[in-house]
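Since the structure comes first, as structure tokens, the remarks are kept for the end.
Quick note: the coordinates plus some simple rules give every number you see, no bench work behind them. Everything numeric here is computed off the predicted structure, so don't read it as measured data. All Cβ positions, glycine included, derive from the backbone under ideal geometry; neighbour counts span all protein chains shown.
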Amino acid sequence: MRTFGWFMMAIVGALLAAALLAYPLYLLIHPLEPAWWFDKIATRLFQLLLLGAVVLLVRNLQLTSRRDWGYGAPRPRWLRQFAVGLVAGLATMLPASLSMILLGARVVDSGLTASALGHALLVGLGSGLAVGFLEETFFRGLMQGAVVRDMRRPLPGIVLVALVYAALHFLARARIPHEQVSWHSGLDLLMGVLANFAAPAGIIDSFLALLAVGVLLGLTAWWTGSIALAAGLHAGWVWMMRATVGTTSLGTGTPMQWLISRSDGYTGWLVVGWTLAITLALVLCRGRLRGWRRLA
């Protein structure tokens, strides 16, 4: 648990520092980029501060090898596994998106053109690749790898990291109008996150979906010995999610609305159930995935 404690100190420290420093940074950036909302600036600051904290952690915990970062497999094999994951991510999340549309939980935008569809797919691909590489490198590569090695028990370490992964997705979801931004707005954002968890009814479906995704990706990285497959899966899922959200709108007046969380318009009980089904399928074929670990 010592290693997990170090990572939590880095995350909490970066959060507190971002909450305190976001307002001065906003005063500098807002005149130059008026379209940037305070929550966006605070989130980017947190990411930069966390990056700095991770650099210190890497040195302190001696996480310096490619294997420590989740890139232990030879590059050609790593890229092949990533490509397999990307295709599998698209294929496994497509049924969820189609189900949302068929059940009326999401409705295809009227007047959707080929150009708009292509733009949504391109934006989804860029977002998926960025999220897949960055989040898997940190959560399943550095953090999970170090925590599991320290605890010497894979499953508790995987679940702990998945809990942190899910919780951090609820940062800075409250938008503060420009005219209401003040020196304590960063702390207000932080308190808003805590308020969400103090009254979990509004986020429990999305949180459980993200937790299930985190556990699935964690198991995949552990069984294969690298983050290649997990990063591909993650990228494919985000690609499909962004493309779906970019070409559809939330349905209204349908009894199936409860399947989708209002926190992000996609995750929710449907994704929880589908992710558990995918996890069960991976558990059944984990022997083949462990064969990949011997090659990593």
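For ARG106, the amide hydrogen comes within under 5 Å of the amide hydrogens of ILE101, GLY251, counting only partners 5 or more places away or on other chains and with H modelled in the peptide plane. Counted by neighbouring Cβ atoms within 10 Å, the residues SER115, SER226 run from fewest to most as SER115, SER226.
Net charge near ASN60, counting Lys/Arg +1 and Asp/Glu -1 over other residues with Cβ under 14 Å of its Cβ?
0
Among TRP274, TRP37, TRP69, the largest mean-square fluctuation in a Gaussian network model of the chain (Cα springs under 10 Å) belongs to TRP37. Gain on full extension, evaluated as 0.36 nm per residue between ALA130 and THR113 minus their Cα-Cα distance, stands at 3.5 nm.
A DSSP coil position with no more than 15 other Cβ atoms inside 10 Å describes the following trypsin sites (Lys or Arg not before Pro) in region 212-296: ARG262. Enumerate the residues in region 21-36 having an amide nitrogen under 19 Å from the point lying 7 Å beyond the Cα of TRP183 toward its Cβ. Residues 21-30 qualify, since their backbone N sits under 19 Å from the label point. Between ALA91 and VAL55, the modelled labels are 4.1 nm apart [label points 7 Å from Cα along Cα→Cβ].
Translational diffusion of region 67-295, estimated by Stokes-Einstein from the Kirkwood radius over alpha carbon pairs at 25 °C in a medium of 0.890 mPa s, is 132 µm² per second.
Report summary: the helix-based calculation at 222 nm, which adds -39500 (n - 2.57) for every DSSP H run with n ≥ 4 and divides by the residues of the chain, gives -23500 deg cm²/dmol. Dividing the Cα radius of gyration of region 97-167 by 2.2 N^0.38 Å, with N the residue count, gives 1.65.
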